[in-house]
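Data block below; observations after.
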Amino acid sequence: KLAMEFPSEDIFLMTASPVIKAVTNFKQVSKTLEEFDVEEQPSSLLEKRYPNIKVIQSGVKQLKSDEHKIFTEDGRECIYEKLCLCAGANPKLIVEGNPYVLGIRDTDSAQAFQKNLAQAERIVVVGNGGIALELVYEVQGCEVIWAIKDRAIGNTFFDAGAAEFLIPKLTAENQETPMECKRTKYTIEGSDEKERPIAASDKLGSALGPDWHEGLHLKGTKEFSRKVHIEILCEVKKIHLQQEFLQLRQTSLAFPKEEKNAEADEVLWPVYVELTNGKIYGCDFIVSATGVVPNVKPFLDGNSFAVGEDGGLKVDKHMHTSLPNIYAAGDICTASWEPSPLWHQMRLWTQARQMGWYAAKCMAADTLGESIDMDFCFELFAHVTKFFNYKVVVLGKYNAQGLGLDHELMLRCTKGKEYVKVVMQNGRMMGAVLIGETDLEETFENLILNQMDLSAYGEDLLNPDIDIEDYFD
């Protein structure tokens, strides 16, 4: 965006990775819903397309905001006029520095994961967000113990009803044919020869796109397709290496069989996970998929950034940080303007793309001395993704976020086919969750945006015999 606006200005892109993430197959599904793939491309492609962009492949060592200077890991210094920080976030690991704990957030760690899984008979997955959901569904031929702190799976995206709707897909034996992979892979030259250390999460990589697991061969050593056991309402209390576990003289559990009391495990595992519910399971390794923390560390030293409660750099409605000429976008920032009643920040690919685009518009407007309106994408929270091979659309306050007790839910569910939930407040639609091919996203988006009083329609709003789309066209 900046390169197009200012063809005669030098624009530097500083990145620790040899590849850049490009958005491809972009499709505007509706006013606020976007679908796209994220593809890795060599940075030279970007430089070819825009001659005024120069990619500097190095991490940032230090920022001196008062001098308008950035120092790179490889010893260079760059002077900037305007700077936008888009350094993303790091996986929030349950423990640091344990070789059996893998954090998944970027393409490098997904490759490390794949390498480990090929030898694995059992893994423990900790976390309940998007990556954990996709992971447990995609892994085959390996026992998965899934530890979640909530009562139901996927609670960042769903309520317990949606979780119930999805669970049968986890236990279904036959796996649909995997969709073909749309991502192009670039390996970093020479990286395959060197054995990667297991915990590759300390290296910065670029964040995973929404279809990150496609084309990765996620298969363990066993011949069955999926075996998942969920432990709810618990967290990891302690991780024991094999030697420590033997000294504990405790019993670890075998993979639970249907309706039976858990039996003691005969196998000796490399690592053991003790959960807060008192159970101990042995496994080959642990996947920590417990969310992310904004990657602000390289920029804080010597700079007085205002930082949000979630650890991100605070930005105002024009994506300015608290320091002059420095902007931030994506996972690293915390939206600190008064948000629309139907929007909230969530560290997702869709929002990172929107924020980056809007930050560039703001930087351009500031440079040209023009004023700019808040982008429409911040009017309504809207996200489309795929879980368990179902299309999933979430709109507005889809989990009644911030509405207190003053709301009601309406549901429609066809087992194995679709799950539709709307959140209503004072007769107005405030949010919706659509799982399956419902074709309701555009209609519901409009009903949420125009805040029309729907009290008169009552339950008929979700009546499958009424073509609601025609009704509100």
* Asked: Of the numbered conditions (1) part of a loop (DSSP other than H, G, I, E, B); (2) in contact with a Phe, Trp or Tyr (Cβ under 8 Å, 6 or more places away or on another chain); (3) of a type outside the set (A, V, I, L, M), Gln119 satisfies every one except a single condition; which is it?
  -> (2)
* Asked: Out of curiosity, is Asp373 within 23 Å of the chain's Cα centre (by Cα) and assigned by the TED database to the domain that holds Glu81?
  -> no
* segment 142-176: number of residues that are open to solvent by 10 Å² or more (accessible area, probe 1.4 Å), at pLDDT 85 or above and under 15 Å from Glu231 (Cβ atoms) -> 6
* Asked: In segment 378-407, which residues are in contact with a Leu (Cβ under 9 Å, 6 or more places away or on another chain), open to solvent by 10 Å² or more (accessible area, probe 1.4 Å) and either closer than 23 Å to Ile167 by Cβ or modelled with pLDDT under 90 (or both)?
  -> His383, Val384, Thr385, Tyr390, Lys391, Ala400
* Structure fact -> If we take segment 221-319, then strands (runs of 3 or more DSSP E) inside it with 1 or more residues that are open to solvent by 60 Å² or more (accessible area, probe 1.4 Å) and free of Cβ contacts under 8 Å to residues at least 40 places away in the same chain are 236-241, 313-315
* Count - residues of segment 399-421 that are without any contact (Cβ under 8 Å) to a residue 60 or more places away in the chain and of a type outside the set (A, V, I, L, M, F, W, C) -> 10
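Residue-by-condition table, conditions (1) of a type in the set (D, E, K, R); (2) open to solvent by less than 60 Å² (accessible area, probe 1.4 Å); (3) outside the structural domain of Ala329 (by the TED database); (4) out of contact with any Lys or Arg (no Cβ under 9 Å at 6 or more places or on another chain):
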{"residue": "Ala3", "(1), (2), (3), (4)": "no, yes, no, no"}
{"residue": "Phe6", "(1), (2), (3), (4)": "no, yes, no, yes"}
{"residue": "Asp10", "(1), (2), (3), (4)": "yes, no, no, no"}
{"residue": "Ala16", "(1), (2), (3), (4)": "no, yes, no, no"}
{"residue": "Thr32", "(1), (2), (3), (4)": "no, yes, no, yes"}
{"residue": "Glu40", "(1), (2), (3), (4)": "yes, yes, no, no"}
{"residue": "Ile53", "(1), (2), (3), (4)": "no, yes, no, yes"}
{"residue": "Ile56", "(1), (2), (3), (4)": "no, yes, no, no"}
{"residue": "Val60", "(1), (2), (3), (4)": "no, yes, no, yes"}
* Those residues that are over 26 Å from the mean Cα position of the chain (by Cα) and hydroxyl-bearing (Ser, Thr, Tyr), I need them from segment 407-421; list them, please. => Thr414
* **Whichever residue in segment 18-30 is under 30 Å from Phe71 (Cα atoms) and more than 18 Å from the chain's Cα centre (by Cα) and, among such residues, is least open to solvent (accessible area, probe 1.4 Å)** => Val19
* How many of the residues in segment 320-339 are out of contact with any Gly (no Cβ under 9 Å at 6 or more places or on another chain) and open to solvent by 20 Å² or more (accessible area, probe 1.4 Å)? -> 8
* To do: Go through (1) part of a loop (DSSP other than H, G, I, E, B); (2) within 30 Å of Asn303 (Cα to Cα); (3) touching a residue at least 40 places away in the same chain (Cβ under 8 Å) and name the single condition Asp74 misses.
  => (3)
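The values are calculated or read from the model by the stated rules, or taken from the named source; none is laboratory data. What you see is a predicted model, and the numbers here were worked out from it, not measured in a lab. All Cβ positions, even for glycine, are placed from backbone atoms using ideal geometry, and neighbour counts span all protein chains on display. Just so you know, the surface numbers come from the protein's heavy atoms only, side chains and all, with ligands and any DNA or RNA stripped out. Shrake-Rupley method; radii C 1.70, N 1.55, O 1.52, S 1.80 Å.
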